[in-house]
Amino acid sequence: MAQVVIAILANAGGVGKSTLATHLAYEISQRKSKVALLDLDPQRSLDVFCGLESVEAPKTIVNVLSKDFKGSWNLVSAWDEANVEVCQGHPLLADVANELVTRKRGEYTLSDRLNKYPLPHDLIILDCPATLGMLNVNALAASTHVLVPIQLEMKAISGSAELVEWCITTSEELQLDPKPPILGFVPSMYDDAVAMHRQYYNQLPDIAQQLDIKLYPKIRNSNEFKNASAHGLPLQKYRARHPACMEFKQIAKDVIALIKEK
Ligand SMILES: Nc1ncnc2c1ncn2[C@@H]1O[C@H](COP(=O)(O)OP(=O)(O)O)[C@@H](O)[C@H]1O
Ligand SMILES: [Mg+2]
């Protein structure tokens, strides 16, 4: 068994990062593995997606990243699932990011925390902010793998190629060994009725092949995702028989295989 740490990265907001993070977390938790979701986004989106009350900074990941963290992780369970625990985010993460710039080993703070005070979970999912700043550098340095949701819009597609480049150069600069590979692209919010979506979706296999990155099945656009998160639930719990629930299965299968490796 190996602990897998997945950074969900994209250099744009609103592309489905938190949706992917939470739905993958739920999916894995149903396969008898323990999952920790860490909210690195100052917008603390996981509070909404997980139906949690927002809490003060000392009870969030702000504490974990603070200089004098002593190892008591702030975890709460999500959706009444014993196998999913969340370390909540907080707006002060923006200040933490600034402080990390000048701190020794600032890029490796999250990685150092996970090494010195390991979490018992099989899978750790890092829900990241949109900007490629210090928090995402920390996420990359702490990760074993990266997942990239892609919206089927022109800017998002060129942005994804830039993101791949950023992962490679940042991994080199940080001398990560091994460098966290990109597990795959996940086309998100795909609407068959939108010509542009169909057009970009058709181009994706070529783009993914050129970048040598796996392309996962698309996640459809459905208002039920929004309804589910308005109830603080993943779609699998809100509408278990919704066809979109199936669209996370292949990623989950690959992640389970990674956990079972070694
Ligand atoms: N497949 C989807 N269909 C419809 N709405 C979606 C889908 N995925 C995400 N959303 C909604 O789009 C918004 C942005 O998604 P989110 O996962 O928060 O993106 P990010 O974390 O990249 O900012 C949220 O309101 C979310 O509920
Ligand atoms: Mg988000």
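Counting residues in segment 230-240 that are buried (at least 20 other Cβ atoms within 10 Å of the Cβ) and not in a loop (DSSP other than H, G, I, E, B) gives one or more.
Residues in segment 188-229 that are in contact (Cβ under 8 Å) with a residue 24 or more places away in the chain and within 16 Å of ligand 2 (Cβ to nearest atom) were compared, and the one that is farthest from Ala156 (Cα to Cα) is Ser229. The set of residues from segment 124-142 being within 14 Å of ligand 2 (Cβ to nearest atom) and at pLDDT 95 or above comprises Ile125, Leu126, Asp127, Cys128, Pro129, Leu135, Asn136, Ala139.
I'm trying to understand the selection: among the residues of segment 36-46, which are buried (at least 20 other Cβ atoms within 10 Å of the Cβ) and either among the charged types (D, E, K, R) or more than 9 Å from ligand 2 (Cβ to nearest atom) (or both)? Within segment 36-46, Ala36, Leu37, Leu38, Asp39, Leu40, Asp41, Arg44 qualify. Checking each residue in segment 1-35 for being closer than 22 Å to Lys237 by Cβ, buried (at least 23 other Cβ atoms within 10 Å of the Cβ) and away from ligand 1 (no atom under 15 Å from the Cβ) picks out Ile28, Ser29, Val35.
Considering only residues in segment 55-69 that are touching a residue at least 24 places away in the same chain (Cβ under 8 Å) and out of contact with any His (no Cβ under 9 Å at 6 or more places or on another chain), the one that is farthest from Tyr238 (Cα to Cα) turns out to be Lys67. Considering segment 195-219, the residues that are modelled with pLDDT of 95 or more and among the β-branched types (Val, Ile, Thr) include one that is farthest from Ile6 (Cα to Cα), namely Ile219. Of everything listed in (1) farther than 17 Å from Leu258 by Cβ; (2) within 12 Å of ligand 2 (Cβ to nearest atom), the single unmet condition for Leu20 is (1). Just so you know, in segment 210-262 the residues that are farther than 23 Å from Asp80 by Cβ and polar (S, T, N, Q) include one that is nearest to the chain's Cα centre (by Cα), and it is Gln250. If you go through segment 150-175 and keep only what is among the hydrophobic types (A, V, I, L, M, F, W, C) and outside any helix (DSSP H, G or I), you end up with Ile150, Leu152, Leu174. Checking Leu52 against (1) farther than 27 Å from Pro178 by Cβ; (2) aliphatic (A, V, I, L, M); (3) buried (at least 20 other Cβ atoms within 10 Å of the Cβ): exactly one of these is not met. Which one? All conditions are met except number (3). Scanning segment 115-147 for residues that are in contact with a strand residue (DSSP E or B) (Cβ under 9 Å, 6 or more places away or on another chain) and over 20 Å from Leu174 (Cβ atoms) returns Leu119, Pro120, His121, Asp122, Leu123, Ile125, Asp127. The residue pairs whose first member lies in segment 160-177 and is at pLDDT 95 or above, whose second member is in a helix (DSSP H, G or I) and surrounded by 11 or more Cβ atoms within 10 Å (Cβ to Cβ), and whose beta carbons are closer than 6 Å, counting only pairs six or more residues apart or on different chains, are Thr170/Leu140; Leu174/Glu107; Leu174/Ala141.
Taking segment 26-45 as the range and being in contact with a strand residue (DSSP E or B) (Cβ under 7 Å, 6 or more places away or on another chain) and in a loop (DSSP other than H, G, I, E, B) as the test, the residues that pass are Ser33, Leu40, Asp41.
The values are calculated or read from the model by the stated rules, or taken from the named source; none is laboratory data. Values in this document were obtained by computation on a predicted structure and should not be read as measured data. Cβ coordinates were reconstructed from backbone atoms using ideal geometry, including for glycine residues, and neighbour counts include every protein chain displayed.
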